[in-house]
Amino acid sequence: MKMSEKLKYLVINTSVEDLTEVYFFNQGKKSQVILKESRQHLKNLIPTIKNLLEKEKTKFGDLDFVALNEGPGSWTGLRIGFATVKVLAMLSRVPLIVYNNFELISKESKSLDGLFLIKCSETNYFYRHIKNGNIVSEGVVSEVKLFENYSEEVKYYLISEINIVTELVEKKFNEKMFSNSFDVEPMYLTEGLITPKIKNE
Amino acid sequence: MNKDVYILALETSCDDTSVSVVKNGNEVLSNIVWNQNKTHEKFGGIVPELGARRHLKVINYVIEEAILKSGIQKDQISAIAVNNQKGLIRSLVVGVAAAKSLAYILEVPLISVHHIEGHIYSNILSNSKIKFPHLCLTVSGGHNLLVLVNNHFDYQIIGNTLDDACGEVFDKVARYLGLGFPGGPIIDKLSKDGDSRKYKFSRPMLDQDNFNFSFSGLKTEITRFIEKNNTNPDLKISDFAASFQQAVVETLIGKSIKAAKKYNLKQISVVGGVSANSKLREEFQKYADKLNLEVYFPELGFTTDNAAMIGAAAYYKFLNQDFESLELEVFPNRPL
């Protein structure tokens, strides 16, 4: 994509309970910090953003946009990401773009087979099972059921490993799909919002 | 200090989203409180997840309104203060995350304040006559302490509740009677037409030689009383409410006065949501006058949770340069 050669932006993901992900893209170059620490979004997020931007000699206000994962995922994780980024965007007037894990899965799943998992709460996962490019089943499943119902041959993908986010958020930027920092809210996922479709299992 | 200090303070510990700008620790330029009572009243109590979602939904509006109303510009803000101790964890994180973003973008220091510390300063903010040392009674739905306030940030807790906080009992009794939420103001209003001597309820632990409170026994006594008199046509709910309130008020006053005498303190400061109770104010003043003690209550707007009190306490931390790093976390259960 042509635009990316000029764009400067952050991508922030706090939807997974034990991962704080901050990516900085500058004219097509990527630098990133991924912290694997359980439930430490609040402690780590702002220092991570600050250190990363300082290292790259960039001020937050100089960004073309900031992209934030809106979920579904860990409620508290999302809430910390949102409270942080809402205020950053409001004060700096940097445009805000949100993207969600469904968008990531639906793009990536065309080329992959396996079970996609997003941790929604302490014991529950949102999952989508893909076989030969088709959705076999999707829904919310508890950790216990997950390991009871799926055999080892299924390959697991954690959402953080799916790396098509640049394409997605830059497309949104080009189409000016900005969110209002005052009103934007996480995608809170609960059982019931998704009807599990169990096929051939 | 010859330069004015403007502190932008946030308080999101429970069900109120509040942001305030306080000048030099004593002048409240704005104090926006976004109350969630409507969200929670149908449940008869606070639902933590709902509360946290509500905080997140309104936080930018409340911050902007507080700055706008204060009349100052963003670049005049000297520091950001936030309550990160004591409260519901899901709610606290919203305020703390927002506070860190503010401190980072505005490039000003970050100050942390304990929720109860904030309440103690709500009265220092309201009454310039309060000096150190003084005795502070904190009463709300979440805390019920007797504290010796020796100096700025020098506290000694001498009494605590062994079970429920006083405000919680008001809420529970109101809920049991189907009167609504929050219970304190409802029972206060009902009691105005009632006879507070009509029914005799116990004054828990008043005769004991310590400064602790316990309200769960009284709560059980009250619920039993309601069950027994449910169909009694002669029972006037206002008499009942007034009698219940009297029992609570006398307990709070009795314990506080005992403590003031033992520690030889002339000034008693009463803070927290229950300090808005009209009967408590009236009776406390009566006792204090009789015993030649001074009792102080915050302005009504500063009794329930508010960010102005956080800003007032933070001012003295600002003077001490008691600042936090951007790694600040929340401590929902940390004692004062």
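The values are calculated or read from the model by the stated rules, or taken from the named source; none is laboratory data. Note that this is a predicted model, so its numbers are computed, not measured. Cβ atoms come from the backbone with ideal geometry, glycine included; neighbour counts cover every protein chain shown.
Applying the set (1) within 11 Å of chain A (Cβ to nearest Cβ); (2) modelled with pLDDT of 95 or more to B:Gly71 leaves exactly one unmet item: (1). You will find that of A:Asn149, A:Asn100, A:Asn132, A:Asn124, the residue that is at pLDDT 85 or above and not basic (Lys, Arg) is A:Asn100 and no other.
Looking across segment B:103-126, the residues that are hydroxyl-bearing (Ser, Thr, Tyr) and more than 8 Å from chain A (Cβ to nearest Cβ) come down to B:Ser112, B:Tyr121, B:Ser122, B:Ser126.
Take the residues in segment B:68-88 that are β-branched (Val, Ile, Thr) and surrounded by 22 or more Cβ atoms within 10 Å (Cβ to Cβ), then tell me which one is farthest from the chain's Cα centre (by Cα).
Looking at residues that are β-branched (Val, Ile, Thr) and surrounded by 22 or more Cβ atoms within 10 Å (Cβ to Cβ), I get B:Ile80.
Each row is one residue, and each column tells you yes or no for (1) surrounded by fewer than 19 Cβ atoms within 10 Å (Cβ to Cβ); (2) at pLDDT below 95; (3) over 25 Å from B:His143 (Cβ atoms); (4) in contact with a strand residue (DSSP E or B) (Cβ under 9 Å, 6 or more places away or on another chain).
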| residue | (1), (2), (3), (4) |
| --- | --- |
| B:Arg203 | yes, yes, no, no |
| B:Ile226 | yes, yes, yes, no |
| B:Asn232 | yes, yes, yes, no |
| B:Lys236 | yes, yes, yes, no |
| B:Lys258 | yes, no, no, no |
| B:Gln285 | yes, no, no, yes |
| B:Lys290 | yes, no, yes, no |
| B:Pro298 | no, no, no, yes |
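A search for C-beta distances below 8 Å between a residue of segment B:115-138 that is more than 24 Å from B:Leu8 (Cα to Cα) and of a type in the set (Phe, Trp, Tyr) and any residue that is modelled with pLDDT of 95 or more and surrounded by 24 or more Cβ atoms within 10 Å (Cβ to Cβ), counting only pairs 6+ apart in sequence or on different chains, returns B:Phe132/B:Val149.
Conditions (1) surrounded by 15 or more Cβ atoms within 10 Å (Cβ to Cβ); (2) within 19 Å of the chain's Cα centre (by Cα); (3) within 14 Å of chain B (Cβ to nearest Cβ), marked per residue:
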| residue | (1), (2), (3) |
| --- | --- |
| A:Asn13 | yes, yes, no |
| A:Glu17 | yes, yes, yes |
| A:Tyr23 | yes, yes, no |
| A:Gln40 | yes, yes, yes |
| A:Thr48 | yes, yes, yes |
| A:Lys57 | no, no, no |
| A:Asp62 | no, no, yes |
| A:Glu70 | yes, yes, yes |
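Just a yes or no: is a residue in segment B:266-275 of a type in the set (S, T, N, Q), in a helix (DSSP H, G or I) and modelled with pLDDT under 95? No: segment B:266-275 contains no residue that is of a type in the set (S, T, N, Q), in a helix (DSSP H, G or I) and modelled with pLDDT under 95. Pairing each residue of segment B:77-102 that is more than 7 Å from every other protein chain (Cβ to nearest Cβ) and on the phi > 0 side of the Ramachandran plot with any residue that is of a type outside the set (Lys, Arg) and part of a helix (DSSP H, G or I), provided the two are 6+ apart or on different chains, yields C-beta distances under 7 Å for B:Lys86/B:His115; B:Lys86/B:Ile116; B:Gly87/B:His115.
Between B:Lys129, B:Lys57, the distinction of being more than 11 Å from every other protein chain (Cβ to nearest Cβ), surrounded by fewer than 24 Cβ atoms within 10 Å (Cβ to Cβ) and out of contact with any helix residue (DSSP H, G or I) (no Cβ under 9 Å at 6 or more places or on another chain) belongs to B:Lys129 only.
When residues in segment B:31-54 are screened for being part of a strand (DSSP E or B) and of a type in the set (Ser, Thr, Tyr), 0 of them pass. Of the numbered criteria (1) within 24 Å of the chain's Cα centre (by Cα); (2) surrounded by 18 or more Cβ atoms within 10 Å (Cβ to Cβ), the one B:Asn212 fails is (2). Per the conditions (1) touching a Ser or Thr at 6+ places or on another chain (Cβ under 6 Å); (2) hydrophobic (A, V, I, L, M, F, W, C); (3) more than 30 Å from B:Ser13 (Cα to Cα), the sole criterion not satisfied by B:Phe297 is (3).
Within segment B:202-222, the set of residues being more than 16 Å from B:Gln245 (Cβ to Cβ) and touching a residue at least 40 places away in the same chain (Cβ under 8 Å) comprises B:Met205, B:Asn210, B:Phe211, B:Asn212, B:Ser214, B:Ser216.
Within segment A:50-90, the set of residues being of a type in the set (Gly, Ala, Ser) and under 22 Å from B:Leu56 (Cα atoms) comprises A:Ala67, A:Gly71, A:Gly73, A:Ser74, A:Gly77, A:Gly81, A:Ala83, A:Ala89. Taking segment B:45-54 as the range and being away from chain A (no Cβ under 13 Å) and either under 30 Å from B:Asn320 (Cα atoms) or surrounded by 18 or more Cβ atoms within 10 Å (Cβ to Cβ) (or both) as the test, only B:Ile46 passes. Residue-level analysis places A:Ser38 outside the set of residues that are at pLDDT 85 or above, hydroxyl-bearing (Ser, Thr, Tyr) and over 15 Å from B:Lys100 (Cβ atoms).
Would you be able to say whether some residue in segment B:67-81 is touching a strand residue (DSSP E or B) at 6+ places or on another chain (Cβ under 7 Å), part of a helix (DSSP H, G or I) and among the polar types (S, T, N, Q)?
Yes, some residue in segment B:67-81 is touching a strand residue (DSSP E or B) at 6+ places or on another chain (Cβ under 7 Å), part of a helix (DSSP H, G or I) and among the polar types (S, T, N, Q).
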